[in-house]
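Heads up, the thing below is written out as structure tokens.
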2 protein chains.
Amino acid sequence: MEEGVSIYLVSDSNVDTAENIASIAAAHFDTFIEKIKKYPYVGDKNQIEEIIMEAANDANSIIIHTMVVPELKDYLLKKAQKFGIKIVDVMGPVINAIEDSTGISPHTNLAKNNKEDYLKKIEVIEFAVKYDDGKDAMGILLADVVVIGVSRTSKTPLCMYLAHKYIKAANLPLVPEIEPPQELFEINPKKIFGLTIDPEVLVKIRKERLKSLGLDANAIYATEERVKKEIKYAEEVMKRLGCTVIDVTNKAVEETANVILNVLKGGEIS
Amino acid sequence: MEEGVSIYLVSDSNVDTAENIASIAAAHFDTFIEKIKKYPYVGDKNQIEEIIMEAANDANSIIIHTMVVPELKDYLLKKAQKFGIKIVDVMGPVINAIEDSTGISPHTNLAKNNKEDYLKKIEVIEFAVKYDDGKDAMGILLADVVVIGVSRTSKTPLCMYLAHKYIKAANLPLVPEIEPPQELFEINPKKIFGLTIDPEVLVKIRKERLKSLGLDANAIYATEERVKKEIKYAEEVMKRLGCTVIDVTNKAVEETANVILNVLKGGEIS
């Protein structure tokens with residue numbers, strides 16, 4: 001039998017992402033994958049040594065890794081290079097791109113310090129990403145918190161912030177022309193948080209948005225009439241639901257999130 | 001509100017992998033994700049134009065893509081660079097690594113020519129990767145075909161080959177010291193294929209393997225006594241199951257796969 005490739009999937013969290021990537025890649029080749037080895041939750045250099053020892057002895061080894069902890073990741077890279085093993089860093093380019101964009105340094109020791117927290121955090125963030133913008137109503141049923149509101153009320157950053165607090169948050173835009181999914185009326189309204197905003201402020205926000213898109217700032221989307229109609233509709237939906245309503249006018253995302261966290265803890269809206 | 005990053009997830013298949021990667025990355029930053037836009041199944045340049053137009057107007061856009069079709073991928077890269085948008089190519093490095101290792105060129109137009117075939121193929125390959133080596137008995141219940149046999153009978157490449165034929169194949173090693181999972185006895189034995197092999201040939205294969213690992217070729221793993229014991233045990237399990245048994249001695253993976261495909265079609269073992 002001819003020698004195929006041996007794929008090593010390595011991560012300091014689970015290897016699901018590395019599995020996905022290997023599978024998409026494999027779909028494009030007729031060649032056999034001779035061997036697939038999975039090393040999730042790699043936490044020390046000894047484990048890396050073992051992986052490298054095995055990979056070094058296969059004819060065509062490729063390591064696909066989603067390691068983030070710098071010292072382990074660097075060690076893996078150094079060892080792989082030493083033994084001439086091909087290695088692909090999945091997360092590095094994405095983390096670098098975010099760091100470059102924001103100027104903020106990543107918490108790269110998260111994976112190392114609190115393994116369970118780390119995995120839980122990835123899980124809830126993945127939830128927020130998956131169920132952003134209400135495209136899949138299943139998110140409404142599975143979420144700890146469902147955020148609703150008209151366009152440009154900061155639903156997405158709010159849900160991401162809540163995810164960083166380990167809360168599974170889905171969000172759903174409200175538009176007069178589209179009836180909200182039935183699921184919204186089936187869940188406990190205590191889980192639902194409606195964002196409302198001063199119409200004048202929202203008009204300004206939307207005009208800015210249109211300008212940044214190079215569009216006419218006088219488009220219907222940013223008129224007072226349209227904005228008032230949308231907010232009125234949204235507030236009617238919130239009333240029907242009996243959910244908590246938060247006025248986000250001039251509120252930072254953290255402040256809105258703190259209101260939600262407070263309500264969830266059984267407190268009141270301040 | 002301060003400006004966060006806008007994440008664009010783009011693919012010529014689904015965006016699940018890009019979602020995973022974005023979520024792992026986001027776990028490492030306190031900064032907000034301001035916006036998440038998903039563009040699965042991108043199939044032409046017009047769609048790419050639209051994505052770029054929107055991304056170009058956000059303050060901190062990052063495109064994370066799993067595109068494989070060369071002309072679309074190149075177009076996306078060129079346009080992103082033109083507008084100064086950060087872009088991360090997830091699949092490129094993995095496909096290049098496999099191409100370098102094997103000398104085989106990928107079928108990069110798969111995604112373009114047969115969208116449904118492509119998605120189905122990724123799905124079945126992912127199944128084979130996930131349920132390789134019997135670590136999760138759920139695979140036995142979900143598979144179209146379950147391949148069993150002792151170590152070094154080419155179970156993995158066989159399952160990958162079957163996946164390329166759109167068959168969901170799981171595999172499970174048989175070892176005398178470990179009772180096979182109960183699930184194996186609950187499924188239709190027509191789905192199970194037991195691989196057996198001439199003991200002398202297997203002794204040679206295992207000795208080669210030990211040598212390539214830099215280990216003593218006389219280790220128990222490669223002795224005639226051990227190999228005979230394992231094969232005898234495996235054949236007993238196959239008899240209990242009443243499954244199809246295939247002698248893979250000197251058979252290429254394609255030949256073994258063809259036997260299985262033939263049986264599945266209702267034919268006989270030649």
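Nothing in this text is a laboratory measurement; each read-out follows from the coordinates by a stated rule. Given the structure is predicted, the values throughout are model-derived calculations rather than measurements. Cβ placement follows ideal geometry from the backbone for every residue including glycine, while neighbour counts extend to all protein chains displayed.
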Alpha-carbon Rg with Dmax, taken over region B:197-270, Å: 14.8, 45
Region B:1-56: Kirkwood hydrodynamic radius (Cα pairs, Å) comes out at 12.2 Å
Inverting the mean 1/r over all pairs of different Cα atoms, compute the Kirkwood radius of region B:3-100 and quote it in Å. 13.6 Å
Return the inverse of the average 1/r over all pairs of distinct C-alpha atoms in chain B, which is the Kirkwood hydrodynamic radius, in Å to one decimal. 21.6 Å
Rank these for me by crowding, B:Cys159, A:Cys243, going from fewest to most other beta carbons within 10 Å. A:Cys243, B:Cys159
Say the dipole of region B:187-235 comes from +1 at the beta carbon of Lys and Arg and -1 at that of Asp and Glu; which of B:Leu210, B:Val227, B:Gly194 then lies farthest toward its positive end? B:Gly194
For A:Asp16, B:Asp12, order by how many other beta-carbon atoms lie within 10 Å, fewest first: A:Asp16, B:Asp12
For region A:89-172, what percent of Cα pairs sit more than 23 Å apart? 30 percent
What are the ³J(HN,Hα) values, in whole Hz, obtained from phi via the Karplus relation 6.51 cos²θ - 1.76 cosθ + 1.60 with θ = phi - 60°, for each residue of region A:29-38 in sequence order, with x given for Gly and Pro? 10, 7, 4, 7, 8, 6, 7, 10, 10, 10
Starting from a label point 7 Å past Cα on the Cβ side, list the distances from A:Glu71 to the same position in the other copies, nm, shortest first. 5.1
Which one of B:Ala257, B:Ala27, B:Ala55 has the biggest mean-square fluctuation once chain B is modelled by GNM with Cα springs under 10 Å? B:Ala27
Would you kindly work out, in nm and rounded to one decimal, the distances from the label point of B:Glu50 to those of the same position in each other copy, ordered shortest first, with label points 7 Å along Cα-to-Cβ? 4.9
Between B:Lys45 and A:Lys239, what is the spin-label point distance in nm, taking each point 7 Å from the Cα along the Cα→C-beta axis? 5.3 nm
Express the Stokes-Einstein translational diffusion coefficient of region A:114-263 in µm² s⁻¹, to the nearest whole number, given a Kirkwood radius over alpha-carbon pairs, 37 °C and a viscosity of 0.692 mPa s. 208 µm²/s
Got the B:Asn218 label distances to the other copies yet, label 7 Å along Cα→Cβ, in nm, shortest first? 9.5
Given the options A:Ser101, A:Ser13, A:Ser154, which has the most mean-square fluctuation in a GNM of chain A, springs set between C-alpha atoms less than 10 angstrom apart? A:Ser101
Taking Rh as the Kirkwood radius computed over C-alpha pairs, what is the Stokes-Einstein D of the protein assembly as shown at 10 °C in a medium of viscosity 1.306 mPa s, expressed in µm² per second? 62 µm²/s
Fewest-first sequence of A:His107, B:His65 by Cβ atoms within 10 Å of each Cβ: A:His107, B:His65
Once you average over the residues of A:212-221, how many Cβ atoms of partner chains fall within 10 Å of each Cβ? 1
Name the most mobile residue of B:Asp117, B:Asp74, B:Asp30, meaning the one with the largest mean-square fluctuation, in a Gaussian network model of chain B with Cα contacts below 10 Å. B:Asp30
Strictly over 23 Å apart at the Cα level, which of B:Lys38/B:Lys115; A:Lys155/B:Lys79; B:Lys35/B:Lys79; A:Lys38/A:Lys130; B:Lys135/B:Lys155; A:Lys35/B:Lys115 would you flag in this model? A:Lys155/B:Lys79; A:Lys38/A:Lys130; A:Lys35/B:Lys115
